[in-house]
Amino acid sequence: MKHQKESILKYISIIQRNTQKYYDIQLQEDHIGSGQQFFILRIAENEGLTMYELSKLGQFDKGTTSKAVQKLEEEGYVSVKIDEKDKRIRRIYTTEKAQKLIHKIYHIRDSWVHDITASFSEEERKKFFEQLVSVAAASCDTLESL
């Protein structure tokens with residue numbers, strides 16, 4: 001098999017690094033960065049989820065999830081409460097302070113996606129998204145099969 005001179009992975013990596021920089025710049029005044037934005041949105045979309053559930057949603061290890069939640073808790077954006085029925089379970093909730101930030105993050109995300117796909121037609125944007133979902137699913141399936 002002949003090796004490709006260029007790899008899609010190079011471009012995925014560039015997009016990811018630039019996306020992180022963009023979030024870091026946009027969220028600087030809120031004292032969080034690209035590392036926490038994913039977590040606060042998943043918590044807001046799934047109020048009361050556990051650390052384990054949050055880790056699974058993003059394919060993150062427990063340590064990464066724990067650090068992100070700790071930072072969000074320190075900044076007053078989430079609260080962690082012991083489950084009333086099972087004291088071993090800690091549930092995560094967004095705070096009132098987080099509501100403005102959550103809307104801001106959605107706006108930042110939408111603006112970024114719009115800007116980086118500005119040259120696409122709506123149909124091209126939709127097809128591109130579908131292909132990304134397919135590639136992401138294949139990457140998960142491939143890892144699980146190892």
Candidate set from the range 81-98 (those that are over 13 Å from Ile43 (Cβ atoms) and either of a type in the set (Gly, Ala, Ser) or modelled with pLDDT under 95 (or both)); member that is least open to solvent (accessible area, probe 1.4 Å):
Asp83
Working only within the range 16-63, note down all residues that are within 20 Å of Ala137 (Cα to Cα) and of a type in the set (Lys, Arg).
Arg42, Lys56
Check every one of the helices (runs of 4 or more DSSP H) wholly within the range 17-80 and list those with 3 or more residues that are open to solvent by 70 Å² or more (accessible area, probe 1.4 Å).
51-58, 62-74
Report, by residue number, each residue of the range 28-51 that is over 14 Å from the mean Cα position of the chain (by Cα) and aliphatic (A, V, I, L, M).
Leu49, Met51
Leu101: passes all of (1) open to solvent by 50 Å² or more (accessible area, probe 1.4 Å); (2) in contact with an Asp or Glu (Cβ under 9 Å, 6 or more places away or on another chain) but (1)
Give the residues of the range 1-16 that are polar (S, T, N, Q), in a helix (DSSP H, G or I) and over 20 Å from Ser111 (Cβ atoms), sorted by residue number.
Ser13
Conditions first: (1) without any contact (Cβ under 8 Å) to a residue 40 or more places away in the chain; (2) farther than 26 Å from Ser139 by Cα; (3) of a type in the set (D, E, K, R). Glu75 passes all but one, so which condition is the exception?
(1)
Hey, can you tell me all the residues within the range 104-127 that are surrounded by 12 or more Cβ atoms within 10 Å (Cβ to Cβ) and more than 14 Å from Phe38 (Cα to Cα)?
Ser111, Trp112, Val113, Ile116, Thr117, Phe120, Arg125, Lys127
Scan the range 14-28 and report the pairs whose first residue is touching a residue at least 12 places away in the same chain (Cβ under 8 Å) and whose second residue is not in a helix (DSSP H, G or I), with Cβ atoms within less than 7 Å and a gap of 6+ or a chain change.
Tyr23/Gly33; Leu27/Gly33
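The values are calculated or read from the model by the stated rules, or taken from the named source; none is laboratory data. Not measured: the values here are computed from a predicted model. Cβ atoms come from the backbone with ideal geometry, glycine included; neighbour counts cover every protein chain shown. Calculation scope for accessible area: heavy atoms of the full protein, side chains included, ligands and nucleic acids excluded. Shrake-Rupley method; radii C 1.70, N 1.55, O 1.52, S 1.80 Å.
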